[in-house]
Amino acid sequence: MDSFNIMLALLVSGFLLLGFGFNYREHEWGVRLIGVGVLVTLMPIAFRLYLALHVPS
């Protein structure tokens, strides 16, 4: 699986978590899903930084 597919999977899963969390925002677990969704949505940025700064040994 190349890096594009990994980033696409992270974005799609993050947006799904955000959507489900927003639907159930009146419950505590819905708010937690929103938080996890935000973190997963930001993970492609961290993954891209890792790929850009990775120094092969």
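The values are calculated or read from the model by the stated rules, or taken from the named source; none is laboratory data. None of these values were measured; they are calculated from a predicted model. Because the Cβ atoms are built from the backbone with ideal geometry, glycine has one as well, and the counts that use them run over all protein chains shown.
Considering only residues that are among the β-branched types (V, I, T) and touching a Phe, Trp or Tyr at 6+ places or on another chain (Cβ under 9 Å), look in segment 22-39 and name the one that is farthest from I6 (Cα to Cα).
Among them, the one singled out is V31.
Taking only pairs six or more apart or across chains, which ones have beta-carbon atoms under 9 Å, a first residue in segment 31-49 that is over 22 Å from G21 (Cα atoms), and a second residue that is basic (K, R) and assigned to a helix (DSSP H, G or I)?
From segment 31-49, no pairs qualify.
Being more than 13 Å from G14 (Cα to Cα), at pLDDT 90 or above and surrounded by 12 or more Cβ atoms within 10 Å (Cβ to Cβ) is the filter here; which residues of segment 30-47 pass it?
G30, V31, listed by residue number.
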